[in-house]
Amino acid sequence: MNPQELHDRLQEIFRQVFDSETLMIRDETTAAEIEGWDSLAQINLVVGAEERFGVRFQTAEIRSLKNVGEFKRLIAGKLAAS
Amino acid sequence: MSALTEAKALAAEGKKVEAARRLRDGLSSRMSYLDQTSAAKLADSLSEGLPPVRLAVLGSSTTAQLLPLLRLHAFKEGFRLELYDAPYDAYQQEILDEKSGLYAFKPQAALLYVNHRDARPGPAEAEAERWAALWTRLRERAGCAVLTNNFDVPVERAWGNLDAARTDAGLGRLRRLNALLAEKAGAGVAVIDVEHLSALHGKESWHDPRFWHHSRQAMSFDGLARYAAEAAAVLAAALGRSRKCLVLDLDNTLWGGVVGDDGAEGLELAGSPNGEAHLEFQRYVKELGRRGVLLAVCSKNEDERAREPFKKRPDMVLKLEDFSAFVANWEDKATNLRSIAAQLNIGLDALVFVDDNAGERELVRRFCPEVAVVDLPEDPAGFSRALDARRFFETVSVSKEDARRAAHFQAEAARESLRRGAPDLASFLKDLEMSAEAGPFTEPDVARIAQLINKTNQFNLTTRRSSEPEVRALMADPAAWTLAVRLRDRLGDYGLISAVIARRSGSAFEIDTWLMSCRVLGRGVEKLAFNRLLAAARAAGAKELVGRYLPTAKNAPVKELLPSLGFAAAPDGAWRLSVAGAKPQEVSIRDESPRAA
């Protein structure tokens, strides 16, 4: 999967979780910048990414996301390994 | 497009009723967790106006993800949840402290969202007593219905297969405890069988240890969605809102084949794999009847014909006396469902409708949205599960007042639906987006045409039979005019379903054969065929159309066909129509014939 496709599909998940058709994410986007990005939303993002990308996060990875860029690197790494 | 996307689009257009219906119909255990969270938000925006129910959730683990899903599935059951979310793992304090938020909330129902970690070590009997005492306290103080989980037996078995034999711990004790909880429930306490659900779902994916460690999630998220659906169904039952009556189609639902065409003796029942599958479905239905679900028949058939298999076939599991209502006629099924509800003095919202024909299901969904409609798979081997999975007939013991309220509610609904009157069939037919291809018989269709000619008994004007060579001879005969009709709609392709044969005879155009498959009865195909017939008669310079109805034991459905199209009775027993004065019939079927006449 190329980086743009990964970005677009992840953005789609963000839009669904935060119920916004126009939400744009950048690598630097952090939880503080998006209204409603709380622990519940965090879990929905992780579960959504597992469903849509067919990857599996490890227990420690579920809570270690600093920003969108890190989330993307994590998914890309798992896709490359599979 | 997914049901969720469609429902969202409808809601965005302001079509709330349609959006709600699409969302309800599309909600199944196959919808992913992420989509269910979106569906839950949409449901929240569409729940206004539904009867509110106050539910207190008492969780020993995290409930944040559960609550929106509970609201979603309650919406599917037809009510709007007002929730009290008790503090994390404080269910015992909340129940024991009469000044707790739980009691201040005055719930109509309380849900004990607990799991196997909450079962204390020791003998199962003492532990079951402890739970029963908690239920009693809660029920007496809050005066509400109590719903509780039983215990999901974990995947890991340190003792291996011997784990099942342990009585003080492990798998054996949990199973024993679950059996005891089931015995002690009743009287205002309903147990949600989480152990069964976890097995149904697949134990390995029921509990996800990562999310237990991360944030004390007792179930995986797709497990949680399944649980929420089950809990909502049990809640509906606890409030006296479960369905009361199962309405069944006959042909290709209770048996294989069409009784009007195949006769009672020709139906598939015992002895063929397909017939056995229908019988297995009958056994499941019989069991529903035994436990108090009302059974009814709604079939497009002659009444007498529809009853024959029950009288003549000893292998039928269901008997006529199992049914509280038996309606077999040629009216549309929405009208018949209304009359069944009126006969039984229950509301349309107490009915569950089962029919193998997707067109009938769509009609009922449209005109009786209160009726629950089961989407049967094509293979009868899947009928029982498709019905069972919907949990329509959940039952728990309910208080007298609950029962009275429910009865009152049903009576109101019954009156309301009767007031609403007959459905607007014309607009329904339009919405089916039917299209037809009609043209002369062609070689690739000969086998199918001969089959229709030789098998169709009901919608058959003359019941004249012809073999494949005879059909070919007709195709070569310049005096003969033939028409084969294929029908499609947005629900599927019905294939070649009607055939007409006419002959030039002097100044007349004589109808030799006119037949149609009963699967497309009531769609207006006969009107489309008539228009073609009329156009052909005109093109041939004929002055009149002549037809005959040759009655048989089975073809009553076409008795009124010719007069309904304007034909007049002639002294010789024929029906005649002057071509000059005849007008084409209005049809809702788009003509997509390659060379439309």
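The values are calculated or read from the model by the stated rules, or taken from the named source; none is laboratory data. Treat the numbers as computed from the prediction; the structure is a model and nothing was measured. Glycine also receives a Cβ, built like all others from the backbone with ideal geometry; neighbour counts cover every protein chain displayed.
Being touching a residue at least 40 places away in the same chain (Cβ under 8 Å), in contact with a strand residue (DSSP E or B) (Cβ under 7 Å, 6 or more places away or on another chain) and part of a loop (DSSP other than H, G, I, E, B), is that true of even one residue in the range B:128-143? So far as the range B:128-143 goes, no, none of its residues is touching a residue at least 40 places away in the same chain (Cβ under 8 Å), in contact with a strand residue (DSSP E or B) (Cβ under 7 Å, 6 or more places away or on another chain) and part of a loop (DSSP other than H, G, I, E, B).
Close Cβ contacts (under 6 Å, 6 or more residues apart or on different chains) running from residues in the range B:189-214 that are within 14 Å of another protein chain (Cβ to nearest Cβ) to residues that are part of a helix (DSSP H, G or I) and at pLDDT below 95 comprise B:210/A:59; B:213/A:59; B:214/A:62. What tally of residues in the range B:384-400 results from selecting those that are modelled with pLDDT under 80 and not hydroxyl-bearing (Ser, Thr, Tyr)? Of the residues in that region, 3 qualify. Taking the listed residues B:105, B:79, the one that is more than 13 Å from every other protein chain (Cβ to nearest Cβ), within 23 Å of the chain's Cα centre (by Cα), aromatic (Phe, Trp, Tyr) and surrounded by fewer than 22 Cβ atoms within 10 Å (Cβ to Cβ) is B:79, with no other qualifying. Scanning the range B:503-523 for residues that are in a strand (DSSP E or B) and over 30 Å from residue B:250 (Cβ atoms) yields B:503, B:504, B:505, B:508, B:509, B:510, B:511, B:512. Checking the range B:351-365 against the condition returns a match, with at least one residue being in contact (Cβ under 8 Å) with a residue 40 or more places away in the chain and more than 23 Å from residue B:490 (Cα to Cα).
Of all residues in the range B:505-525, exactly one satisfies the criterion of being within 20 Å of residue B:581 (Cβ to Cβ) and in contact with a Phe, Trp or Tyr (Cβ under 8 Å, 6 or more places away or on another chain), namely B:509.
A single member of B:5, B:62, B:37 is in contact with a Ser or Thr (Cβ under 6 Å, 6 or more places away or on another chain) and within 14 Å of chain A (Cβ to nearest Cβ), and it is B:62. Scanning the range B:34-49 for residues that are more than 24 Å from the chain's Cα centre (by Cα) and part of a helix (DSSP H, G or I), we see that the one that is surrounded by the fewest Cβ atoms within 10 Å (Cβ to Cβ) is B:45. Screening B:580, B:553 for residues that are over 43 Å from the mean Cα position of the chain (by Cα) and part of a loop (DSSP other than H, G, I, E, B) leaves exactly one candidate, B:580.
Yes/no per residue for (1) of a type in the set (Ser, Thr, Tyr); (2) at pLDDT 95 or above; (3) part of a helix (DSSP H, G or I):
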site: B:68; (1), (2), (3): no, yes, yes
site: B:73; (1), (2), (3): no, yes, yes
site: B:82; (1), (2), (3): no, yes, no
site: B:89; (1), (2), (3): no, no, no
site: B:98; (1), (2), (3): no, no, no
site: B:104; (1), (2), (3): no, yes, yes
site: B:107; (1), (2), (3): no, yes, no
site: B:111; (1), (2), (3): no, yes, no
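For residue B:427, the requirement of being closer than 16 Å to residue B:501 by Cβ, surrounded by fewer than 18 Cβ atoms within 10 Å (Cβ to Cβ) and free of Cβ contacts under 8 Å to residues at least 40 places away in the same chain is not met.
The residue that is surrounded by the most Cβ atoms within 10 Å (Cβ to Cβ), counting only those in the range A:9-32 that are away from chain B (no Cβ under 14 Å) and aliphatic (A, V, I, L, M), is A:25. From the list B:233, B:182, B:237, B:218, the lone residue that is part of a helix (DSSP H, G or I), hydrophobic (A, V, I, L, M, F, W, C) and buried (at least 23 other Cβ atoms within 10 Å of the Cβ) is B:237.
Residue-wise test of (1) in a loop (DSSP other than H, G, I, E, B); (2) not β-branched (Val, Ile, Thr).
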position: B:306; (1), (2): no, yes
position: B:310; (1), (2): no, yes
position: B:314; (1), (2): yes, yes
position: B:318; (1), (2): yes, yes
position: B:321; (1), (2): no, yes
position: B:327; (1), (2): no, no
position: B:334; (1), (2): no, yes
position: B:340; (1), (2): no, no
position: B:349; (1), (2): no, yes
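Give the range B:215-236 a look and list any residue that's within 14 Å of chain A (Cβ to nearest Cβ) and acidic (Asp, Glu), or say none.
Filtering the range B:215-236 down to residues within 14 Å of chain A (Cβ to nearest Cβ) leaves B:215-225.
Of everything in the range B:215-236, just one residue is within 14 Å of chain A (Cβ to nearest Cβ) and acidic (Asp, Glu), namely B:222.
Kindly list, by first and then second residue, each pair from a residue in the range B:294-315 that is without any contact (Cβ under 8 Å) to a residue 24 or more places away in the chain to a residue that is assigned to a loop (DSSP other than H, G, I, E, B) and not acidic (Asp, Glu), limited to pairs with Cβ atoms under 7 Å and residues at least 6 apart or on different chains. Taking only residues 6 or more apart or on different chains, the pairs are B:310/B:316; B:310/B:319.
Before we move on, is residue B:20 outside any helix (DSSP H, G or I), surrounded by 20 or more Cβ atoms within 10 Å (Cβ to Cβ) and among the hydrophobic types (A, V, I, L, M, F, W, C)?
Values: outside any helix (DSSP H, G or I): no; surrounded by 20 or more Cβ atoms within 10 Å (Cβ to Cβ): yes; among the hydrophobic types (A, V, I, L, M, F, W, C): yes.
The answer is no for residue B:20.
For the range B:435-448, taking the residues that are surrounded by 13 or more Cβ atoms within 10 Å (Cβ to Cβ) and more than 24 Å from residue B:560 (Cα to Cα), the one that is modelled with the lowest pLDDT is identified as B:448. Could you please let me know if residue B:277 is under 30 Å from residue B:110 (Cβ atoms), part of a helix (DSSP H, G or I) and within 19 Å of the chain's Cα centre (by Cα)? Answer is no for this residue.
The condition of being modelled with pLDDT under 95, at negative phi and away from every other protein chain (no Cβ under 12 Å) holds for only one of A:61, A:35, that being A:35.
Pick out, from chain A, the helices (runs of 4 or more DSSP H) lying fully within it that include 2 or more residues that are within 18 Å of residue B:222 (Cα to Cα). First the steps, then the outcome.
Details: elements: A:3-17, A:39-53, A:68-81.
Where helices (runs of 4 or more DSSP H) fall fully within chain A and carry at least 2 residues being within 18 Å of residue B:222 (Cα to Cα), they are A:3-17, A:39-53.
All conditions but one from (1) closer than 30 Å to residue A:48 by Cβ; (2) surrounded by 15 or more Cβ atoms within 10 Å (Cβ to Cβ) apply to residue B:204; the one that does not is (2).
Residue B:59 meets all of the listed conditions (1) touching a Phe, Trp or Tyr at 6+ places or on another chain (Cβ under 6 Å); (2) touching a residue at least 40 places away in the same chain (Cβ under 8 Å); (3) more than 16 Å from residue B:224 (Cβ to Cβ); (4) among the small types (Gly, Ala, Ser) but one, namely (3).
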